[in-house]
Amino acid sequence: MKNIFLLAFLISSMSTAQNRDHSIDVLVNEMCTNFKENKNLTDSTRIKILNEKFIWPTLKNQSENNASEIGNQIYFRLQKNCQEFREYLYRVDPPKDDNWMQLDAKPSIEITDKQIEILKKTSKFHYYEYAGEITKVQTDNKYWTETFSDGTFSKLKYNWITTDSFELIFVESNNKTRKNFSKKGDRYNYQVISKEDNYYWVLVEIPNQSELLKFKLFTED
C-alpha cells in the first residue's frame with residue numbers, strides 16, 4: 001500500500017511540474033509577442049512593460065523561493081524561445097572576446113577527416129561561456145558532461161550523426177542557467193568547422209532559433 005501512495009505522489013508531482021512548465025512556456029510566448037509589438041519603444045520601456053504586465057503579476061503571490069525559481073525559468077526560456085529578446089541581450093551585453101561569434105551564413109567546412117578522428121578520440125575539452133567563465137567538458141562514447149566554474153554540472157547524450165557533426169541531447173543539470181534553459185530531451189546540433197592550434201571552431205544550431213553561432217572548443221588531452 002505504501003508503494004501505491006508513493007507512486008501516486010510521484011505521478012502528481014510530475015504532472016504539477018509539467019503543468020507549470022507548460023504555463024511558463026505560454027507566458028513566455030505572450031511576452032515575446034509583446035516585446036515584438038513594442039519594438040519602436042526604447043529598450044528600457046519594453047522591459048518595464050514585461051515586468052509590469054507579465055512578471056510581477058505572476059510572482060506576486062509566490063513564496064520567495066518559488067518566485068526566484070519561476071523568475072529564472074521565465075528569463076532563460078524567454079532567452080531561448082524569443083529571438084527579439086536574444087537580440088536585445090546581445091545589444092546590451094555583447095561578447096567580451098572572440099570565443100563566440102555570430103554568423104550571417106553557414107561557413108565553409110575546412111575540417112579534415114584526420115582532424116575529426118583526433119577530435120573523436122579526445123575526451124577532455126573546455127570552452128568559454130558567453131560571459132568569459134571556463135566550462136570543462138568530459139566525454140565518453142555516450143555522454144557529454146560539463147562542469148561549470150561554480151561546481152555545478154550538466155549531462156547530455158553525445159551522438160555523432162555525420163562525419164563532422166554531432167548532437168547533444170539534454171539529460172539533466174543542477175546549473176541554474178542550463179536547467180532552466182533546457183528541458184529533458186532537448187536537442188542541440190553541432191558541426192565542426194575547422195581546426196586551429198589548440199582548438200576547434202564549432203558551429204552550433206539550436207532548434208527553433210534562426211541565429212548561427214560558432215565557438216572555440218579547446219582540447220586538453
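The values are calculated or read from the model by the stated rules, or taken from the named source; none is laboratory data. These numbers were taken from a predicted model, which means no experiment stands behind them. Using ideal geometry, Cβ is built from the backbone for each residue, glycine included, and neighbour counts are taken over all protein chains shown. Calculation scope for accessible area: heavy atoms of the full protein, side chains included, ligands and nucleic acids excluded. Shrake-Rupley method; radii C 1.70, N 1.55, O 1.52, S 1.80 Å.
Things to note:
- Residue that is farthest from Cys82 (Cα to Cα), among those in segment 192-221 that are open to solvent by less than 20 Å² (accessible area, probe 1.4 Å) and aromatic (Phe, Trp, Tyr): Tyr200
- Hey, Glu64 farther than 19 Å from Lys214 by Cβ and acidic (Asp, Glu) or not: yes
- Selected residue [within 23 Å of Val204 (Cβ to Cβ), open to solvent by less than 80 Å² (accessible area, probe 1.4 Å), acidic (Asp, Glu) and out of contact with any Gly (no Cβ under 6 Å at 6 or more places or on another chain)] from Asp43, Asp97: Asp97
- Segment 181-211, residues that are more than 16 Å from Lys120 (Cβ to Cβ), part of a strand (DSSP E or B) and under 14 Å from the mean Cα position of the chain (by Cα): Arg187, Tyr188, Asn189, Val204, Glu205
- Residue match in segment 129-139 (condition: under 20 Å from Ile161 (Cβ atoms) and surrounded by 15 or more Cβ atoms within 10 Å (Cβ to Cβ)): yes
- Enumerated strands (runs of 3 or more DSSP E) restricted to segment 96-152, each holding at least 2 residues that are farther than 25 Å from Asn174 by Cβ and of a type in the set (A, V, I, L, M, F, W, C): 100-103
- Taking segment 16-93 as the region of interest, the helices (runs of 4 or more DSSP H) fully inside it that hold 1 or more residues being in contact (Cβ under 8 Å) with a residue 12 or more places away in the chain and under 17 Å from Lys179 (Cα atoms) are 64-81.
- Complete set of residues in segment 212-221 that are over 13 Å from the mean Cα position of the chain (by Cα) and assigned to a strand (DSSP E or B): Leu212, Lys214, Phe215, Lys216, Leu217, Phe218, Thr219
- Taking the conditions (1) under 18 Å from Phe76 (Cα atoms); (2) at pLDDT 95 or above; (3) not in a strand (DSSP E or B); (4) not small (Gly, Ala, Ser) in turn, Glu172 satisfies each one other than (3).
- Residue among Ser154, Ser165, Ser182, Ser149 that is among the polar types (S, T, N, Q) and either surrounded by fewer than 16 Cβ atoms within 10 Å (Cβ to Cβ) or without any contact (Cβ under 8 Å) to a residue 12 or more places away in the chain (or both): Ser149
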